[in-house]
Every structure is written in C-alpha cells, then in structure tokens.
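Q: Right, I'll just put the structure down here and ask away after.
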Amino acid sequence: MLETKSIIRIVRVMGYGMSCPIHIIADDGKDYILKTKIAQLDDDGNIQISAKELFTEVFSYLYLHTLGALHIPKVCLLKLTDETLQLAQKFANGDDRQKQALQNLKHSKGLNLGVAYIENANKSFSVNDFAKDFIKQTINYDARLMNTDRDSGNPNILEDLSGKKWLIDFGMAFDTLALLDNLTDKTLLLKDEPNESYFDKCCFGTYIFSETIRHNTAHIQKALPAETISNITSYVCNIIDLLDNNSKQCLAQIITKRQSSKRIFCA
C-alpha cells in the first residue's frame, strides 16, 4: 500500500511534536519527516516503548489517502537500519530533543512513517483564515478518526508557499489513544460488543472548531467499504504489531460505522 524508502541523510530534529520527529532525506532525493516509536523512562528508570502513536499515524494517513482526502501530505514507509543509527549519532551530545530523538530511533528499527516535508511552512493563523470547505473536511476527517489533538494553540495545520493548507499529525487520534487501550485491555470494553460505545461517540473537547461550527458542518458522504478498512487495519498491524485479530476487527468496525454518523461531530 505504501512505498518503502531508505534514509540517506538525517538533517535535524524538528522543534515540535512529542515524538521528536526528524527531518530526513530519502533515497528518492526527497525530504520527509520521520515519525517513530517513542522511548521513555518510567518511574523506575526502565525504558518503555510506545508504538501507539506511530500506529495511529500510519493508519490515519493511509485511511485518508485511500479515501482520496484533500489537504493530506503524501506518506511512505521509511526503513530504519543500523546505518541510519550511525547517521543519527550526531545527536548523542545534543539538546534534550535530539537525545530523545536518538533514543526513539534506537528502539524503532524496521519500518516507520515518512510524511512529505512541506518547505517554509507557516503554522500561525486563526480560525478566520480557513475556507469553509477546508473546515468541513477537517472536522469530518478528525471526527471519523477521533483525532481531538487539534486546538487553537497547536492546530497541526501547515500552509505552504502557495497558500494551500495541510493537515498533519494524527499521533493522538483514536480518542487520544484511549481506544487502543480499550481494545487491548478486555476489562475496559465488553468482549462481546466492544465497539458500540464508539460508533457515534463525539470525542471532541478543546478543539480548534467550536461545537457550533461542527453542528453546522455538512457530513461528507464519501466512505470506504468495510473490507477496505479491514485490509488497511491488517496492513498496519503487519508493520506495527499492536492488536490481536479480535481487536483488529473491532477497530475496523468502529471506523466503518463512524463514517455514516454525524453525531460524532457534537457531544
């Protein structure tokens, strides 16, 4: 589904994003933002690896591209090898974000996500700067994917030199990752019907577009077939081994059902 590319140069650690994304150049000569797993120390000093953010990013971008969504950067898979880690050793004596990025890389060997780099992007604007159709698409996409991590302080929207707006950063989708916790912990959702509570659930809280705007936003009818969403889910799970078969089916069913609901816009 996605092309796989190798990393030939590491440029810098970006100044935003809790996953400390990295600007790289791939073997096709193009620039990408590398998104990896996150490695953090727990209270006992042990390293804990989180793949949930990477899983949601790969799934969300793949779903939206398959849907034919506008305003979504191109993505690929980036292969992270021992050679890549050697390129990143320059971060060993860097600042905290550089050290965190290196730690993430060490625990992310294999396939990761590459998001097309948007050069000289502007990310400072107000709600009044957005066209009505862009708002409609943003609300529809975010609602389906339960991507609530888009507020006025951190909209995760970029504008390129031509003035086109781009939606980025889906690492906190799936109800700020709570859905993945529910799917992997059978005590949190009933095993027989673990999906129902999410079919129509509005996950928005502090969101860039108010409840009034969301209420007056038209529902986009275009949707993917259940089989296509199931295939996307299985594909992502082959890259990032996070869900068992039952959980994969649950996730695919939830996204399928949410496509046809406008109740996901407002609480």
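Q: Can you tell me which residues in segment 86-102 are touching a residue at least 60 places away in the same chain (Cβ under 8 Å) and either outside any helix (DSSP H, G or I) or surrounded by 14 or more Cβ atoms within 10 Å (Cβ to Cβ) (or both)?
A: Of all residues in segment 86-102, those touching a residue at least 60 places away in the same chain (Cβ under 8 Å) come to 87-88, 90-91, 94, 97-98, 100-101.
Within segment 86-102, L87, A88, F91, G94, R97, Q98, Q100, A101 qualify.
Q: Is at least one residue of segment 152-160 touching an Asp or Glu at 6+ places or on another chain (Cβ under 7 Å), at pLDDT below 95, outside the structural domain of K52 (by TED's automatic domain parsing) and at positive phi?
A: Yes, that holds for at least one residue.
Q: Filter segment 137-164 down to residues that are assigned to a helix (DSSP H, G or I) and of a type in the set (D, E), then give me how many there are. Reasoning before the result, please.
A: Initially, segment 137-164 is screened for residues assigned to a helix (DSSP H, G or I), giving 137-145.
With of a type in the set (D, E) added as a condition, the list becomes 142.
Going through segment 137-164 one residue at a time, the tally reaches 1.
Q: Quick check, is I7 touching a His at 6+ places or on another chain (Cβ under 7 Å) and surrounded by 16 or more Cβ atoms within 10 Å (Cβ to Cβ)?
A: No, not satisfied.
Q: Pick out the one residue from L105, L78, L113 that is crowded, with 21+ Cβ neighbours inside 10 Å, touching a residue at least 40 places away in the same chain (Cβ under 8 Å) and in contact with a Gly (Cβ under 6 Å, 6 or more places away or on another chain).
A: Numbers: L105 fails: in contact with a Gly (Cβ under 6 Å, 6 or more places away or on another chain); L113 fails: in contact with a Gly (Cβ under 6 Å, 6 or more places away or on another chain).
On inspection, the qualifying residue turns out to be L78.
Q: Quick check on segment 64-85. Is at least one of its residues part of a helix (DSSP H, G or I), over 25 Å from Y235 (Cα atoms) and not β-branched (V, I, T)?
A: Going through segment 64-85, the residues part of a helix (DSSP H, G or I) turn out to be 64-67, 82-85.
Pick out the ones that are also over 25 Å from Y235 (Cα atoms) and you get 83, 85.
Imposing the further condition that a residue be not β-branched (V, I, T) reduces the set to 83, 85.
For segment 64-85, residues part of a helix (DSSP H, G or I), over 25 Å from Y235 (Cα atoms) and not β-branched (V, I, T): present.
Q: Could you look through segment 158-170, keep only residues that are more than 13 Å from the chain's Cα centre (by Cα) and touching a residue at least 40 places away in the same chain (Cβ under 8 Å), and pick out the one that is surrounded by the fewest Cβ atoms within 10 Å (Cβ to Cβ)? If you could, list the steps in order and put the result at the bottom.
A: Filtering segment 158-170 for residues more than 13 Å from the chain's Cα centre (by Cα) gives 158-166.
Next, from what is left, pick out any that are touching a residue at least 40 places away in the same chain (Cβ under 8 Å): 158, 160-161, 164-166.
On the way: L158: 19, D160: 14, L161: 10, K164: 12, K165: 21, W166: 18.
Checking each candidate, the answer is L161.
Q: From the list L188, L167, exactly one residue is among the aliphatic types (A, V, I, L, M) and at pLDDT below 90. Which is it? Before the answer, list the steps.
A: On the way: L167 fails: at pLDDT below 90.
That would be L188, the only listed residue that is among the aliphatic types (A, V, I, L, M) and at pLDDT below 90.
Q: Just to verify a result, which residue in segment 120-140, among those that are within 21 Å of the chain's Cα centre (by Cα) and of a type in the set (A, V, I, L, M), is surrounded by the fewest Cβ atoms within 10 Å (Cβ to Cβ)? Walk me through how you get there before you give the answer.
A: In the first step, residues of segment 120-140 are kept if they are within 21 Å of the chain's Cα centre (by Cα); the result is 121-124, 134-140.
Checking which are of a type in the set (A, V, I, L, M) leaves us with 121, 135, 139.
Values: A121: 14, I135: 17, I139: 24.
That would be A121.
Q: Have a look at T212, T228, T233, T217 and point out the one that is over 17 Å from L177 (Cβ atoms), touching a Phe, Trp or Tyr at 6+ places or on another chain (Cβ under 8 Å) and of a type in the set (S, T, Y).
A: Values: T212 fails: touching a Phe, Trp or Tyr at 6+ places or on another chain (Cβ under 8 Å); T228 fails: touching a Phe, Trp or Tyr at 6+ places or on another chain (Cβ under 8 Å); T233 fails: over 17 Å from L177 (Cβ atoms).
Residue meeting the stated conditions: T217.
Q: Next up: Restricting to segment 194-208, what's the tally of residues that are within 19 Å of the chain's Cα centre (by Cα) and not β-branched (V, I, T)? Before you say what the answer is, go through the steps one by one.
A: Restricting attention to segment 194-208, the residues satisfying the condition of being within 19 Å of the chain's Cα centre (by Cα) are 198, 202-208.
Now drop any that are not not β-branched (V, I, T), which leaves 198, 202-205, 207.
Summing the residues that are within 19 Å of the chain's Cα centre (by Cα) and not β-branched (V, I, T) in segment 194-208 gives 6.
Q: Sort out which residues of segment 203-233 are in a helix (DSSP H, G or I) and surrounded by 19 or more Cβ atoms within 10 Å (Cβ to Cβ), and write them in order of number. Can you show your working first?
A: Initially, segment 203-233 is screened for residues in a helix (DSSP H, G or I), giving 211-215, 226-233.
Matches in segment 203-233: R214, I229, I232, T233.
Q: Tell me, please, whether a residue that is in a loop (DSSP other than H, G, I, E, B), modelled with pLDDT under 95 and surrounded by fewer than 19 Cβ atoms within 10 Å (Cβ to Cβ) can be found in segment 174-183.
A: Scanning segment 174-183 turns up at least one residue that is in a loop (DSSP other than H, G, I, E, B), modelled with pLDDT under 95 and surrounded by fewer than 19 Cβ atoms within 10 Å (Cβ to Cβ).
Yes or no, residue by residue, for (1) at pLDDT below 95; (2) in contact with a strand residue (DSSP E or B) (Cβ under 9 Å, 6 or more places away or on another chain); (3) of a type in the set (D, E); (4) surrounded by 15 or more Cβ atoms within 10 Å (Cβ to Cβ):
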| site | (1), (2), (3), (4) |
| --- | --- |
| S19 | yes, yes, no, yes |
| Q40 | yes, yes, no, no |
| G45 | yes, no, no, no |
| L54 | no, yes, no, yes |
| V58 | no, yes, no, yes |
| A69 | no, yes, no, yes |
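The values are calculated or read from the model by the stated rules, or taken from the named source; none is laboratory data. In this text the structure is predicted, and so the values were computed from the model without any measurement. Note that we place each Cβ from the backbone using ideal geometry, even for glycine, and neighbour counts take in every protein chain shown.
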